[in-house]
Amino acid sequence: MDLGDLGDLVHPNGPHEQWQDHGLGLLRTILHQNGIQTDLLSTRAITSWDQLRKQIQGYEILLMNVRSYTFPVARKSAQIFKEVNPNGMVLAGGMHATVAVDEMEAVPYFDRICQGPGENIIVDLVKDPHAFPRVIMGVGAKSMAEWPMIDRTLWPKPHRRLRKKFPWPLEPECGWGPGPVATILTSRVCPWQCVFCNESSYIPNMGRKPVDMVIEELNYLDNKYGVGSVVIHDSMFFQHPKWLEEWIDKYPRKANKVWPYWAAGRSDTVRQWPDLFEALVRETNWNTISIGFESGSDRILRLLNKECTEEDNNFAIELVNRLGEEFEREGRQPPKFWANIMLGIPGETREDAFKTMRMLKTMKYVFPSISYYAPYPGSALGYQLIAEGKSLMSKDNYHRFPDDEKVKGVDYQFYRELLAGKYDDEINRGLADYARKKSGDYREALVKA
């Protein structure tokens with residue numbers, strides 16, 4: 001089952017509601033290649049639970065890939081499945097099963113719970129779930145080179161009212177580049193240990209997908225469906241310099257087209273490898289650069305264990321400002337940041353927040369992406385706040401709504417006023433003219449956490 005908010009593939013609030021789940025696609029591809037045919041239902045493709053109740057009748061097994069923010073939907077779906085099919089079995093895995101297995105075990109409808117990667121256990125589990133205990137440690141591949149190419153026709157289809165704009169089985173454009181969009185993965189884990197994420201503590205490391213395999217998949221998708229741009233969904237694309245050097249060498253030569261792409265990096269490694277970064281932007285059309293700046297305050301960056309500094313952030317900003325100006329003089333589309341900014345971090349002062357907004361205003365080419373800090377399980381800071389009873393999120397209301405209050409003791413009214421531009425005079429102090437002229441109203445930039 002594909003999980004998400006009801007109606008996201010019927011009446012989506014935006015293109016990001018329509019991203020497809022690579023984990024679901026990979027596991028369905030593996031099952032089908034091993035002779036196990038599956039049907040697909042999607043909570044995103046329905047608008048009421050009664051619809052699901054009718055669709056789910058008669059099945060023996062329900063498979064789910066559960067993330068923390070889809071946990072309430074997964075639990076409700078499993079409950080309905082068991083009510084309609086009392087002898088059926090629910091097999092659940094995914095990130096939430098890995099980081100919050102106690103919450104999964106407390107739900108009686110989950111018959112089997114797989115922690116960790118599932119690609120090398122899924123076939124045996126589906127063939128004979130009774131041969132496994134209730135909680136199972138998954139088995140993953142050592143390298144992404146072992147993964148099959150995802151059969152994207154196994155992803156859910158959008159509602160018929162969206163199909164003219166949704167180039168299924170590719171994905172719709174979202175402002176980063178022209179459609180159709182091919183989303184891909186080249187690596188699985190970000191190795192840094194930021195306290196709001198630290199995914200490497202619970203996701204096993206694995207070898208990166210070879211450059212040639214990535215290009216072959218993109219060419220295949222282009223030949224079959226026509227690719228307009230690419231989104232590389234890696235948590236951290238800008239790592240492994242030797243891989244990146246090979247990408248710079250081969251992508252412009254071997255790809256059908258040097259498609260523009262979105263991918264993620266860090267400001268400290270941009271500063272560490274500036275020539276490599278600049279070559280990627282100039283030669284491979286890395287035109288939307290997602291950087292987790294998070295904060296413009298050294299104090300908050302240390303609190304987050306970000307291992308980046310204000311100087312690192314400013315270096316990356318100045319470099320992209322310079323590249324953007326050069327591209328514009330040459331008549332080329334300038335590269336832009338997808339600038340991830342975090343506000344409402346416990347312990348953040350008003351001056352910390354002002355420094356963050358000043359930093360954001362110095363970016364000449366930017367899509368701001370601002371969120372309130374959210375204490376999800378799996379992260380060190382999230383676990384701490386949950387244990388201290390300070391989280392306003394729980395297993396009953398995990399969500400990704402932008403403007404909800406998420407931590408006790410945080411002055412969210414201040415942040416609402418900050419994003420509305422109330423403190424613009426304070427923020428503009430000391431900024432260059434081009435930055436002061438920018439609007440201080442960032443309310444539309446507040447996105448899901």
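One residue is enough: does the stretch 321-329 have a residue meeting the conditions at pLDDT 95 or above, farther than 12 Å from ARG282 by Cβ and touching an Asp or Glu at 6+ places or on another chain (Cβ under 6 Å)?
Looking through the stretch 321-329, none of the residues is at pLDDT 95 or above, farther than 12 Å from ARG282 by Cβ and touching an Asp or Glu at 6+ places or on another chain (Cβ under 6 Å).
Within the stretch 177-199, does at least one residue satisfy the condition of being part of a loop (DSSP other than H, G, I, E, B), under 23 Å from the mean Cα position of the chain (by Cα), closer than 28 Å to GLU216 by Cβ and aromatic (Phe, Trp, Tyr)?
Checked against the condition, which is being part of a loop (DSSP other than H, G, I, E, B), under 23 Å from the mean Cα position of the chain (by Cα), closer than 28 Å to GLU216 by Cβ and aromatic (Phe, Trp, Tyr), the stretch 177-199 yields no hits at all.
Do you know which residues across the stretch 219-239 are in contact with a Leu (Cβ under 8 Å, 6 or more places away or on another chain) and either of a type in the set (Asp, Glu) or part of a helix (DSSP H, G or I) (or both)?
Those that are in contact with a Leu (Cβ under 8 Å, 6 or more places away or on another chain) and either of a type in the set (Asp, Glu) or part of a helix (DSSP H, G or I) (or both): LEU221, TYR225, ASP234.
Of the residues THR309, THR362, THR349, which single one is surrounded by fewer than 21 Cβ atoms within 10 Å (Cβ to Cβ) and touching a residue at least 60 places away in the same chain (Cβ under 8 Å)?
After ruling out the rest, the residue left standing is THR362.
Against the definition (surrounded by fewer than 16 Cβ atoms within 10 Å (Cβ to Cβ) and in contact (Cβ under 8 Å) with a residue 12 or more places away in the chain), how does PRO178 come out, yes or no?
Yes: the conditions hold for PRO178.
List pairs: first in the stretch 427-449 and farther than 19 Å from ARG350 by Cβ, second surrounded by 12 or more Cβ atoms within 10 Å (Cβ to Cβ) and acidic (Asp, Glu), Cβ under 9 Å, 6+ apart or cross-chain?
Close Cβ pairs satisfying both conditions: ARG436/ASP424; SER439/ASP424; ALA449/ASP404.
For the stretch 202-210, does any single residue satisfy the condition of being touching a Gly at 6+ places or on another chain (Cβ under 9 Å) and under 30 Å from GLY347 (Cβ atoms)?
Yes, the conditions are met somewhere in the stretch 202-210.
So, in the stretch 190-213, of the ones that are surrounded by fewer than 18 Cβ atoms within 10 Å (Cβ to Cβ) and modelled with pLDDT under 85, which residue ends up nearest to GLY140 (Cα to Cα)?
PRO204
What strands (runs of 3 or more DSSP E) lie completely within the stretch 279-397 and have 1 or more residues being in contact with a strand residue (DSSP E or B) (Cβ under 8 Å, 6 or more places away or on another chain) and of a type in the set (Lys, Arg)?
Result: 336-343.
Among HIS16, HIS32, which is the only one that is part of a helix (DSSP H, G or I), surrounded by fewer than 18 Cβ atoms within 10 Å (Cβ to Cβ) and either in contact with a Lys or Arg (Cβ under 8 Å, 6 or more places away or on another chain) or among the aliphatic types (A, V, I, L, M) (or both)?
HIS16
Against the definition (surrounded by 14 or more Cβ atoms within 10 Å (Cβ to Cβ) and within 30 Å of THR47 (Cα to Cα)), how does THR183 come out, yes or no?
Here the answer is yes, as THR183 does meet what is asked.
Each row is one residue, and each column tells you yes or no for (1) surrounded by 19 or more Cβ atoms within 10 Å (Cβ to Cβ); (2) at pLDDT 95 or above; (3) closer than 29 Å to GLY88 by Cβ.
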{"position": "LYS142", "(1), (2), (3)": "no, no, no"}
{"position": "LYS157", "(1), (2), (3)": "no, no, yes"}
{"position": "PHE166", "(1), (2), (3)": "yes, no, no"}
{"position": "ARG188", "(1), (2), (3)": "yes, no, no"}
{"position": "ILE215", "(1), (2), (3)": "no, yes, no"}
{"position": "GLY226", "(1), (2), (3)": "no, yes, no"}
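Check LYS76 against each of (1) loosely packed, with under 15 Cβ neighbours inside 10 Å; (2) of a type outside the set (A, V, I, L, M, F, W, C); (3) in a helix (DSSP H, G or I) and name the one condition it does not meet.
Going through (1) loosely packed, with under 15 Cβ neighbours inside 10 Å; (2) of a type outside the set (A, V, I, L, M, F, W, C); (3) in a helix (DSSP H, G or I) one by one, LYS76 breaks only (1).
Scan the stretch 84-101 and tell me whether some residue there is of a type outside the set (Val, Ile, Thr), in the same structural domain as ALA131 (by TED's automatic domain parsing), part of a helix (DSSP H, G or I) and in contact (Cβ under 8 Å) with a residue 60 or more places away in the chain.
Scanning the stretch 84-101, I find at least one residue that is of a type outside the set (Val, Ile, Thr), in the same structural domain as ALA131 (by TED's automatic domain parsing), part of a helix (DSSP H, G or I) and in contact (Cβ under 8 Å) with a residue 60 or more places away in the chain, so the answer is yes.
Taking the criterion of being of a type in the set (Lys, Arg), in contact with an Asp or Glu (Cβ under 9 Å, 6 or more places away or on another chain) and at pLDDT below 95, would at least one residue in the stretch 337-354 satisfy it?
Checked the stretch 337-354: no residue is of a type in the set (Lys, Arg), in contact with an Asp or Glu (Cβ under 9 Å, 6 or more places away or on another chain) and at pLDDT below 95.
The values are calculated or read from the model by the stated rules, or taken from the named source; none is laboratory data. Bear in mind the structure is a predicted one, so any value in this text is a computation, not a measurement. Backbone-built Cβ (ideal geometry, glycine too); neighbour counts: all protein chains shown.
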